[in-house]
Amino acid sequence: MEQPNELIIAMQGGDEKAFSKLYTMYSEALHGIIYSIVLDEGVAEEVLQDVFIKIWDNSKSYSVEKGRFFTWILNIARNTAIDQTRSKAFKNSRKNLSTSNFVDILSSHENLNRKTNSIGIKKFVEKLKPACIQIIDLLYFKGFTQADAAKDLQLPLGTLKTRNRNCLRDLRTIVLG
Amino acid sequence: MNIEEIRTSGQLELYVTGSLPAEEVRELEQALAQYPELREDIEQLEATLIQLAEAATPPLPALVWTYILNAIRNVQKLDTQATTRTNWAAITGWAAAILCIAGIFWMLKETNELREDIRYTTTQNVILEEQVQTTETQLANTNELLDILRSKEYAAFTLPGNQAVAPQAYAKVYFNKKDQIAYIDARGLPPAPQDKVYQVWSLIMDPLTPRSVGLLEPSKEIEGGVYRFDNIPDPEAFGITLEPAGGSESPTLQQLYTLGTVAP
């Protein structure tokens with residue numbers, strides 16, 4: 001998918017229509033990321049609102065010349081969601097919540113997203129090696145740096161990179177066909 | 001690093017998920033500028049990850065976008081209008097207070113006017129009550145008079161006008177022979193000029209003897225031009241003359257207005 005640079009530049013100029021199109025393109029992916037962190041639909045919606053308001057307000061701090069737009073908004077989404085989980089109110093309401101990754105979420109979803117091939121993805125990710133699930137969860141859904149992920153998984157950095165690459169290559173084959 | 005080394009290094013995957021330290025990002029971006037074909041690799045990785053995350057999303061209500069749109073629009077408005085924004089709440093409050101005070105003054109004025117009205121109406125009522133009383137008294141007097149005049153004790157006769165002095169004049173007499181009471185209705189007489197007064201006479205015809213009965217003056221008036229006189233000895237006729245104020249000893253015949261005989 002080519003990055004919609006024209007829409008991004010229009011949004012940076014204050015174009016609400018362009019912003020609306022970008023929301024349509026990215027809101028579900030960011031919502032999925034946020035939900036995998038906060039694990040509550042209501043909280044996830046609030047965080048998503050905050051994230052898109054931040055994207056609008058800070059749009060000029062991103063440049064299409066440098067870096068990927070998706071990576072930029074992915075960071076905003078993960079950081080906002082993680083901030084939310086550190087808030088006192090959030091901790092109080094969720095003391096005994098077990099940790100959960102994207103595979104658990106996919107498996108437990110009753111209404112799978114119809115826009116994407118959720119059922120196919122679900123079948124595939126359930127067959128992913130536990131090592132892959134862990135790596136993708138930490139690096140993509142939880143926003144760990146490569147160093148933190150290697151430390152958490154007790155893997156040498158090189159091994160982490162290779163495994164991550166192999167896991168994503170397999171995932172790409174299934175998802176994109 | 002050549003292009004294959006970059007592809008197999010695992011750096012592109014970490015770049016897309018934002019997991020690389022800033023220094024390695026800078027290095028990779030330099031390499032990307034050098035090998036534009038790597039952009040496709042990155043776009044495919046991105047598409048894969050976006051679909052994976054989309055598969056994990058719960059249903060997303062449309063209201064979320066509405067909320068975002070409202071939020072960014074409010075912020076814009078605050079930026080441009082914060083300093084000139086009118087405090088409608090305060091203005092409304094002051095306007096309400098002023099209206100309230102004006103209303104109180106208006107009501108006080110209305111109350112005073114109503115009090116005035118009541119005072120005036122009360123006075124009018126007193127006047128009207130007096131008029132009603134007067135009218136009732138008049139009515140009672142008239143009724144009484146009518147009762148008397150209609151009773152069989154009273155004989156009625158007319159004193160025709162004197163052709164020489166006042167051909168149109170007349171007077172009516174109601175006479176009670178037994179009690180010697182006479183009522184004179186003087187409506188048929190022209191109004192007496194100033195300093196003059198009508199005088200009533202009773203007459204015996206043979207020999208002609210006039211005797212003053214009295215003056216048509218307010219002290220004798222019963223009601224509406226009807227006068228009452230008492231103690232009249234058996235007369236044969238009645239006459240009315242115009243005399244100087246105070247009356248005369250004997251009638252001035254040149255000023256005889258009416259004359260008539262008592263009916264048998």
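The values are calculated or read from the model by the stated rules, or taken from the named source; none is laboratory data. Since this is a predicted model, take the numbers as computed values, not measurements. Note that we place each Cβ from the backbone using ideal geometry, even for glycine, and neighbour counts take in every protein chain shown.
Details
- Criterion violated by A:Thr116 - all others in (1) buried (at least 20 other Cβ atoms within 10 Å of the Cβ); (2) more than 7 Å from every other protein chain (Cβ to nearest Cβ); (3) modelled with pLDDT under 90 satisfied: (2)
- Of all residues assigned to region B:223-233, at least one qualifies as being over 57 Å from the mean Cα position of the chain (by Cα), closer than 19 Å to B:Thr158 by Cβ and modelled with pLDDT under 85.
- For region B:160-208, filtered to residues that are charged (D, E, K, R) and exposed (fewer than 12 other Cβ atoms within 10 Å of the Cβ), the residue that is farthest from B:Gln254 (Cα to Cα) is B:Lys178.
- Close pairs (7 angstrom Cβ cut-off, 6 or more residues apart or separate chains): at pLDDT below 90 in region A:61-80, surrounded by 15 or more Cβ atoms within 10 Å (Cβ to Cβ) and not acidic (Asp, Glu) anywhere: A:Val64/A:Ile8
- Scanning region A:52-96 for residues that are under 23 Å from B:Ala62 (Cα atoms) and at the interface with chain B (Cβ under 9 Å from one of its Cβ atoms) yields A:Phe52, A:Ile53, A:Trp56, A:Asp57, A:Phe70, A:Leu74, A:Arg78.
- Filtered residues of region A:1-36 (kept if surrounded by fewer than 24 Cβ atoms within 10 Å (Cβ to Cβ), more than 8 Å from chain B (Cβ to nearest Cβ) and within 26 Å of A:Phe144 (Cα to Cα)): A:Leu22, A:Met25
- Selection from region B:210-229 of residues that are farther than 19 Å from B:Ser248 by Cβ and assigned to a strand (DSSP E or B): B:Glu221, B:Ile222, B:Glu223, B:Val226, B:Arg228
- Pair list, Cβ under 8 Å, 6 or more apart: region A:37-49 residue farther than 15 Å from B:Asn70 by Cβ and touching a residue at least 60 places away in the same chain (Cβ under 8 Å), other residue surrounded by 21 or more Cβ atoms within 10 Å (Cβ to Cβ) and among the small types (Gly, Ala, Ser): A:Ile37/A:Ala81
- Screening B:Pro207 against (1) in contact with a Phe, Trp or Tyr (Cβ under 9 Å, 6 or more places away or on another chain); (2) assigned to a loop (DSSP other than H, G, I, E, B) leaves a single unmet condition, (1).
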